[in-house]
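What follows is one structure encoded as structure tokens, with my remarks underneath.
The values are calculated or read from the model by the stated rules, or taken from the named source; none is laboratory data. Since the model is a prediction, treat every value here as computed from it, not as a measurement. Backbone-built Cβ (ideal geometry, glycine too); neighbour counts: all protein chains shown. These accessible areas exclude ligands, DNA and RNA; they are computed on the full protein's heavy atoms, side chains included. Shrake-Rupley method; radii C 1.70, N 1.55, O 1.52, S 1.80 Å.
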Amino acid sequence: MALLYSLCCVSFSALVIVALYVSPVVSTSRRVLGDYGKLENGFRVTLKHVDSSKNLTKWERIQRGIKRGNHRLQRLNAMVLAASGDSAEVQAPIVAGNGEFLMDLSIGTPPNSYSAILDTGSDLIWTQCKPCTQCFDQSTPIFDPQKSSTFTKLSCSSDLCEALPQSTCSDGSCEYLYTYGDYSSTQGVMATETFKFDSVSVPNIGFGCGEDNEGDGFSQGSGLVGLGRGPLSLVSQLKEPKFSYCLTAMDETQKSLLLMGSIASANESLGEMRTTPLIRNPSQPSFYYLSLQGITVGSTRLPIKESTFALEDNGSGGVIIDSGTTITYLEQAAFGVLKKAFILEMKLPVDTLSSTGLDLCFTLPSGSTQVEVPKLVFHFDGADLDLPAENYMIADSSSRVICLAMGGSSGMSIFGNVQQQNMLVVHDLEKETVSFIQTQCQNI
């Protein structure tokens, strides 16, 4: 079974891939904070891609994202290896790639505006703070807690201090060290502050006031907002069990969205929703693990053992869904089978000369305006996700190639953000599920 691409050349040296499925949704209104720090309905925040302000073609953005994604894959695998006791296998140094999307927020009273990296692969919320012994350059002034009337240090006996993987006590205040599996880290004092997201102010958010912050991947923003499954994350602190995002394609002018609280699933009844359960990994409780049971290319279910994607007893392996990794990475044996299937189905010459950064590319016929590509279905537990073609094939008119936006991995597999674009991806921490609704982000 194949899909027909209608390819037309545009600026940015890219080829437009026609969307194959659009489901209607309606707008949701902004809400305000309710009593006792709980949100009545939640809030929405606009996201921007880390390269959105740069004068880059779509293809250049993809290549930069792939490089960051490779580093991020190494970092996430390093975290798993360290937690499983196989730290001897960790290669160092590893350059961190901490996310692909930025969110605007304000901290303190009076509020100071910042851009922070959105990360579904970690928990801690943090920003750089004065006095700074080791800080990277950022576009906005570093947060000065002495100028905020709502800044309060957390005690060593607080729940959030006890939830930290590494902490010490100094004069009754909680000090933290939070590492990201390589040489990237943030160190400082834990505190609470008033955060403002769009028009919604939320008091008493626990965060790290980082005075010693190291790692090249952090310089995209002024800190990081963790949206993992642990108690330190934003979604856990808000006591709102849901969040969702809709990520636009890299060449779209429309910005991506993050929805927190009950509005995260406000569009569930208006589109076809596919839901799969989350799996817990005790050694990495922050990650969103899914059960991938198989893959179909064209009309053929690939001969991949289901155990290929299984989470091992020592915490290794498995499949996570991650907004901060650009393309999908599959365990190497499975990716090899997938590549062979695409080579067989595409019926185009394999390109071996272009430096794309992707593992599998094909040469486009000269003067072609259409090309057939095979269907691609990910079979998650209870949810068959039939991807739109533009979510797994990327074409470049200048070099006349079309590439599979996926790669191989040794260790865990990652379902990346290109495969999630123009979907409402709902994370329900109470039900422990992830749901997918194919849509267009500008309609939400």
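Only one of the listed residues (Ser283, Ser307, Ser368, Ser355) is under 30 Å from Val235 (Cα atoms) and among the small types (Gly, Ala, Ser). That residue is Ser283. Screening Gly230 against (1) in contact with a Pro (Cβ under 8 Å, 6 or more places away or on another chain); (2) surrounded by fewer than 23 Cβ atoms within 10 Å (Cβ to Cβ); (3) more than 23 Å from Gly416 (Cβ to Cβ) leaves a single unmet condition, (3). For the range 254-281, taking the residues that are assigned to a strand (DSSP E or B) and out of contact with any Lys or Arg (no Cβ under 9 Å at 6 or more places or on another chain), the one that is least open to solvent (accessible area, probe 1.4 Å) is identified as Thr276. Answer yes or no: is there a residue in the range 186-196 that is modelled with pLDDT under 95, open to solvent by less than 50 Å² (accessible area, probe 1.4 Å), closer than 18 Å to Leu47 by Cβ and among the polar types (S, T, N, Q). No, because not a single residue in the range 186-196 is modelled with pLDDT under 95, open to solvent by less than 50 Å² (accessible area, probe 1.4 Å), closer than 18 Å to Leu47 by Cβ and among the polar types (S, T, N, Q).
Check whether at least one residue in the range 157-164 is buried (at least 20 other Cβ atoms within 10 Å of the Cβ) and under 25 Å from the mean Cα position of the chain (by Cα), and report yes or no. Yes; the residues of the range 157-164 include at least one that is buried (at least 20 other Cβ atoms within 10 Å of the Cβ) and under 25 Å from the mean Cα position of the chain (by Cα).
Results for (1) closer than 27 Å to Leu344 by Cα; (2) open to solvent by 50 Å² or more (accessible area, probe 1.4 Å); (3) part of a helix (DSSP H, G or I), shown as yes or no for each residue.
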| position | (1), (2), (3) |
| --- | --- |
| Ser283 | no, no, no |
| Phe287 | no, no, no |
| Thr308 | yes, no, yes |
| Asp313 | no, yes, no |
| Ile320 | no, no, no |
| Gly324 | no, no, no |
| Tyr329 | yes, no, no |
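Condition check ((1) surrounded by 21 or more Cβ atoms within 10 Å (Cβ to Cβ); (2) in contact (Cβ under 8 Å) with a residue 60 or more places away in the chain; (3) of a type in the set (D, E, K, R)) across all residues:
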| site | (1), (2), (3) |
| --- | --- |
| Asp396 | yes, yes, yes |
| Arg400 | no, no, yes |
| Cys403 | yes, no, no |
| Ser410 | no, yes, no |
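Selection of first residues in the range 335-360 that are in contact (Cβ under 8 Å) with a residue 24 or more places away in the chain and among the aromatic types (Phe, Trp, Tyr) and of second residues that are surrounded by 19 or more Cβ atoms within 10 Å (Cβ to Cβ) and not in a helix (DSSP H, G or I), restricted to Cβ pairs under 6 Å at least 6 apart or on distinct chains, gives the following pairs, ordered by first then second residue: Phe342/Leu404. Residue count for the range 353-380 under the criterion of being loosely packed, with under 13 Cβ neighbours inside 10 Å, part of a loop (DSSP other than H, G, I, E, B) and not β-branched (Val, Ile, Thr): the result is 5.
On the given criteria, is Ser368 touching a residue at least 24 places away in the same chain (Cβ under 8 Å) and of a type in the set (S, T, N, Q)? Criteria met by Ser368. A residue that is of a type in the set (Gly, Ala, Ser), at positive phi and either assigned to a loop (DSSP other than H, G, I, E, B) or out of contact with any Asp or Glu (no Cβ under 9 Å at 6 or more places or on another chain) (or both) occurs nowhere in the range 202-212. Within the range 107-136, if we keep just the residues that are among the hydroxyl-bearing types (Ser, Thr, Tyr) and over 24 Å from the mean Cα position of the chain (by Cα), the residue that is most open to solvent (accessible area, probe 1.4 Å) turns out to be Thr133.
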